[in-house]
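The values are calculated or read from the model by the stated rules, or taken from the named source; none is laboratory data. Everything numeric in this text was worked out from a predicted model, so none of it was measured. With ideal geometry, Cβ positions are generated from the backbone for all residues, glycine too; neighbour counts draw on all protein chains shown. The area values use the complete protein model at the heavy-atom level, side chains included, leaving out ligands, DNA and RNA. Shrake-Rupley method; radii C 1.70, N 1.55, O 1.52, S 1.80 Å.
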Amino acid sequence: MRRRLAAAVCALGLLLPAQQALAAPSTTHTYSTSDEVIANPERGFYHHTETHYRADGSGYAPLDLTTLRTFRTQENITQILRVFYLEKFASQDAIDKQYLDLVRADFRTARAAGVKVIVRFAYALPGAGWPPPTPYGDAPVARVLKHIQQLTPVLRDNADVIELVQSGFVGLWGEGYYTDHFSDPQDPSQVSDQNWADRKAVTDALLKALPKDRMIQVRTPYMKQRMYGVPTGTAGALTAEQAYDGSPVARIGHHNDCFLASPDDFGTYLSDPIELDKDFVAQDTNYVPEGGETCAVNPPRSEWDSAAAEMARLHVSFLNTDYNKDVLGSWGDNLEVAKQKLGYRFALDRSTVTTRRGTVQVDLQVRNDGWAAPYNPRRVQLIFQSAKHTYKVDVPADPRRWGAGTTTSLSWKVAAPPVPGTYKLLLNLPDPRLSTRPDYSIRLANNGTWQPGTGYNDLGQTVTTG
């Protein structure tokens, strides 16, 4: 009996060190939130830029590298609207190679400056007087389709710096209303079935010209509803299951270029009652982009309290900082809040890291304090960083699903770094097409986490292996 008891005690003594060796070191870190305006990509205010190409080849004003870099460094603005006017080509099918080269050069400049481009093509601006006189100067559908075909290689080659493309082409400013060919020129509100078929042909061609992961925006909710056969209200809007499935409706968002200007935003909302269209956009923009510009002072709706509530409801990702200055000026100091909250704003709440037998378990809570989620794809990586080595591990997550006003819990188990040592643990949210460019990675809205040289976010955790 004593012999058996002594054996049991020895066995217990042998087990205890082994159990201790298998214990999982675990650390939890909490984070403070920054109120800094962050120069994150594909969100915030934008600057309007435009260029022209008249019959004699004049009018093209290339983007300026120094100006674009100043937008980033002095204003934390990471995006521009670029309206490419095609005046010369409204009357001819072939686009000059010289013009295509100028467009390519603009995209190179944007890439060098670290900004993204919201793209729109249009043929005409209004002449003197109001309403604008006819003819307006845009192109017929067959010619538009030929132009889109010629522009396709340029768009695909530069998809890395193209944030999205606004449907454009049709009508003055490319906004689809005052047009010679896509409605009755004498009464632009009269759009025939053939006119709608022609408009859809343009939209379909533009979707085809772009990579499947790039979206377009149309000027009014009814344009999407009418062309793609969906009703207004929440019943017609995207569901979580439809989102990002590559279908036309999953790739078409909205740009409101008279935001807050009147009860129906100068014809942006056409439903009866108007709230149905707003409900449609509010649901749709959980998964597609909403942005545009203000265009008229309209108190109290254009004042801050109303504007902020509507930007949150409609998940607004971007607004024009250049127009309307009177509307934006009425927001006073709250303009800084808009700079923070337009689009996404991710912040860490806490992280817990556990190491065990060659694996690392990482649990994160990420909060989205912005008014929208990202609408373009993002990679998510854990980074193990030591003085000598850096290891990147892709983990399954989709920041497009980290909805506005929500907290997302993430959990990953990954292999520990193969070389023994002590590593910092960081989170990387790079642009899939620009993964080596820190200025295109997402910075979290926390204090003391950003590594500007790498574009990584330091989790404040260390992992020791070996």
Just the residues that are open to solvent by 50 Å² or more (accessible area, probe 1.4 Å), assigned to a loop (DSSP other than H, G, I, E, B) and touching a residue at least 24 places away in the same chain (Cβ under 8 Å), please, taken from region 210-230. Lys212, Asp213
Looking at this structure, is Ala197 part of a helix (DSSP H, G or I), small (Gly, Ala, Ser) and free of Cβ contacts under 8 Å to residues at least 40 places away in the same chain? yes
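Restricting to region 329-388, and then to whatever is among the hydroxyl-bearing types (Ser, Thr, Tyr) and closer than 21 Å to Ala445 by Cα, can you tell me which residue is most open to solvent (accessible area, probe 1.4 Å)? Step through it out loud before you land on a result.
Narrowing region 329-388 to residues among the hydroxyl-bearing types (Ser, Thr, Tyr): 330, 344, 351-352, 354-355, 359, 375, 386.
With the extra rule that they be closer than 21 Å to Ala445 by Cα, the set shrinks to 344, 351-352, 375.
Numbers: Tyr344: 8, Ser351: 1, Thr352: 33, Tyr375: 8 Å².
It comes out as Thr352.
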Given (1) at positive phi; (2) crowded, with 17+ Cβ neighbours inside 10 Å, where does Asn286 come up short, assuming only one miss? (1)
Unmet criterion (only one of (1) open to solvent by 50 Å² or more (accessible area, probe 1.4 Å); (2) assigned to a helix (DSSP H, G or I)) for Leu207: (1)
What is the residue count in region 432-466 for residues that are open to solvent by 40 Å² or more (accessible area, probe 1.4 Å), small (Gly, Ala, Ser) and either in contact with a Cys (Cβ under 6 Å, 6 or more places away or on another chain) or part of a loop (DSSP other than H, G, I, E, B) (or both)? 4
If I filter region 392-440 down to residues being of a type in the set (Phe, Trp, Tyr) and under 28 Å from the mean Cα position of the chain (by Cα), which single residue comes out as farthest from Lys341 (Cα to Cα)? Trp412
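Pick out the one residue from Gly292, Gly343 that is touching a Phe, Trp or Tyr at 6+ places or on another chain (Cβ under 9 Å), closer than 20 Å to His48 by Cα, in a strand (DSSP E or B) and not polar (S, T, N, Q).
Working: Gly343 fails: in a strand (DSSP E or B).
Testing whether each residue is touching a Phe, Trp or Tyr at 6+ places or on another chain (Cβ under 9 Å), closer than 20 Å to His48 by Cα, in a strand (DSSP E or B) and not polar (S, T, N, Q) leaves just Gly292.
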Output yes when any residue across region 41-48 is surrounded by fewer than 17 Cβ atoms within 10 Å (Cβ to Cβ) and charged (D, E, K, R), and no when none is. no
Regarding Tyr244, is this residue open to solvent by 30 Å² or more (accessible area, probe 1.4 Å), under 17 Å from the mean Cα position of the chain (by Cα) and within 25 Å of Gln79 (Cα to Cα)? yes
Do you know which residues across region 74-90 are part of a helix (DSSP H, G or I), in contact (Cβ under 8 Å) with a residue 12 or more places away in the chain, farther than 13 Å from Ile148 by Cα and of a type outside the set (Asp, Glu)? Lys88
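Within the bounds of region 251-260, is there any residue that is part of a helix (DSSP H, G or I), of a type in the set (Gly, Ala, Ser) and under 22 Å from Val316 (Cβ atoms)? It would help to see each step written out before you state the result.
If we filter region 251-260 for residues that are part of a helix (DSSP H, G or I), which is where we start, we get 251.
Those left that are additionally of a type in the set (Gly, Ala, Ser): none.
No, that holds for no residue.
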Check Val353, Val281, Val362 and return the single one that is in a strand (DSSP E or B), touching a Pro at 6+ places or on another chain (Cβ under 9 Å) and among the β-branched types (Val, Ile, Thr). Val353
